[in-house]
Amino acid sequence: MKVAVFSTKPYDRTSFQAANAQAGHELVFFQPRLTAQTGPLAAGFPAVCAFVNDTLDAHVLLALMKQGTKLIALRCAGFNQVDLEVAEQIGLAVTRVPAYSPHAVAEHTLALLLALDRKLHKAYNRVREGNFSLDGLLGRELFGRTAGVIGTGKIGAIVAKIFIGFGCKVLAYDVAENPDLQTAGVSYLPLDEIFRQADFITLHCPLMPQTFHLINEDSLATMKRGVMIVNTSRGALLDAKAAVRALKSGKLGALGLDVYEEEGDLFFEDLSNRVIQDDVFSRMLTFPNVIITGHQAFFTQRALDSIAQQTLANITAFEKGEPPPGRLTAEMVRR
Ligand code: NAD
């Protein structure tokens, strides 16, 4: 099948070309993000392959459909960027890669949390400059502290189990409780109880209307003073302006982000010679107790290989008229 692959970097091309040796599709790689302006590049392509910050709103979907596209094959797990209701109405099939390596994201979550707790970002710079002073590097142990895990699907469940391994008390919230985690010692509580009791909170639920700005001025107010929040899920789960205010007041003790609500204009590009225009993002970078990575939690070789293989498997199944394993329906958002 002829596939227009948007937002591609050299590493995407390598993994997709390797996986396509078996799948045999006709892949055309486009560097730009998919937007209303770049959509015409996909004219005549029955399949469009898109990533996390591509635009797939009603306008773009309709334009793609009119150009002959029949399948949107997301090469990511999250699907908040797609208007699934519209896709369904106009007969566009949508697929995603539901799980490529949940361990990649779970482990990156711990990397952010541990780096913040042990101030590794500061220690790294100090030691390189010959400064071996420990002043200001006083850390905290995970052992014995209370973790709050919001969303215990594939990634959140792994994070919860890692916390248990560290000797944490693990509290969780999800609309669907996972009995395996309960057996492992995780306690499910209402969201407001997690906010009240947790020493650190990590977000692993999808972005949807019900979870938009889940962490906001009001929820932050109910948390322990000095709480740490880590978000490796989707940026808009957290109100960044509220987070800045809470960091300034000391209510929020540390913040680890791999995602940001307005990341579409920043992440995945080298902007080191440009002035960043986003003042909220720039302000967050000034705090000593904030670490931000640019949506790299998924970025391991195993995950890239798996993403390419599963995306192409979805396309192959669609082409053969079989149900693609990663098929998305509007019903999934309504739930
Ligand atoms: P998943 O579908 O396996 O798990 C999501 C969990 O959230 C489910 O258990 C679901 O019941 C729960 N949930 C749904 N609505 C909820 C609500 N209102 N409140 C609390 N929980 C709710 O997904 P996953 O594979 O674990 O991925 C989690 C998120 O991680 C994805 O939505 C995606 O946005 C993000 N992600 C980020 C990266 C990255 O590189 N940073 C990579 C992959 C996935």
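The values are calculated or read from the model by the stated rules, or taken from the named source; none is laboratory data. Just so it is clear, the model here is predicted, and its values are computed rather than measured. Backbone-built Cβ (ideal geometry, glycine too); neighbour counts: all protein chains shown. Side chains are part of the model used for accessible areas, which takes the heavy atoms of the whole protein and leaves out ligands, DNA and RNA. Shrake-Rupley method; radii C 1.70, N 1.55, O 1.52, S 1.80 Å.
Residues considered: 92, 110, 64, 84. Of these, the only one that is over 17 Å from residue 329 (Cα atoms), outside the structural domain of residue 260 (by TED's automatic domain parsing), open to solvent by less than 40 Å² (accessible area, probe 1.4 Å) and of a type in the set (A, V, I, L, M) is 64. Contact map, the stretch 1-19: residues that are within 15 Å of residue 50 (Cα to Cα) paired with residues that are part of a loop (DSSP other than H, G, I, E, B) and aliphatic (A, V, I, L, M), Cβ distance under 8 Å, separation 6+ or inter-chain. Pairs shown: 6/34; 7/34.
Pairs are defined by a Cβ separation below 7 Å, a sequence spacing of at least 6 or placement on different chains, a first member in the stretch 49-62 that is modelled with pLDDT under 95, and a second member that is outside any loop (DSSP other than H, G, I, E, B) and of a type outside the set (Val, Ile, Thr); the pairs so defined are 53/263; 53/264.
Within the stretch 1-15, how many residues turn out to be of a type in the set (S, T, N, Q) and either open to solvent by 70 Å² or more (accessible area, probe 1.4 Å) or outside any loop (DSSP other than H, G, I, E, B) (or both)?
Count: 2.
Mind listing whichever residues of the stretch 257-272 are among the charged types (D, E, K, R) and under 11 Å from residue 33 (Cβ atoms)? Correct list: 265, 269.
Could you list, in sequence order, all residues of the stretch 16-38 that are polar (S, T, N, Q) and open to solvent by 50 Å² or more (accessible area, probe 1.4 Å)? Walk me through how you get there before you give the answer.
In the first step, residues of the stretch 16-38 are kept if they are polar (S, T, N, Q); the result is 17, 20, 22, 31, 35, 37-38.
17, 22, 31, 37, listed by residue number.
Please work out which residue is farthest from the ligand (Cβ to nearest atom), limiting yourself to the stretch 192-247 and to residues that are of a type in the set (Val, Ile, Thr) and in a helix (DSSP H, G or I).
At the first step, the residues of the stretch 192-247 found to be of a type in the set (Val, Ile, Thr) are 194, 201-202, 211, 215, 222, 227, 229-230, 232, 244.
Subset that is in a helix (DSSP H, G or I): 194, 211, 244.
Numbers: 194: 10, 211: 5, 244: 21 Å.
The residue in question is 244.
Screening the stretch 142-159 for residues that are away from the ligand (no atom under 11 Å from the Cβ) and open to solvent by less than 30 Å² (accessible area, probe 1.4 Å) and picking the one that is farthest from residue 174 (Cα to Cα) gives 142.
Could we say that residue 298 is assigned to a loop (DSSP other than H, G, I, E, B) and open to solvent by less than 50 Å² (accessible area, probe 1.4 Å) here?
Values: assigned to a loop (DSSP other than H, G, I, E, B): yes; open to solvent by less than 50 Å² (accessible area, probe 1.4 Å): yes.
Criteria met by residue 298.
The set of residues from the stretch 217-234 being open to solvent by 40 Å² or more (accessible area, probe 1.4 Å) and touching a Lys or Arg at 6+ places or on another chain (Cβ under 9 Å) comprises 217, 221, 222, 224, 225. On the basis of being within 16 Å of the ligand (Cβ to nearest atom), out of contact with any Gly (no Cβ under 8 Å at 6 or more places or on another chain), part of a loop (DSSP other than H, G, I, E, B) and open to solvent by 30 Å² or more (accessible area, probe 1.4 Å), does residue 99 make the cut? Yes; evaluated as a whole, the condition is true for this residue.
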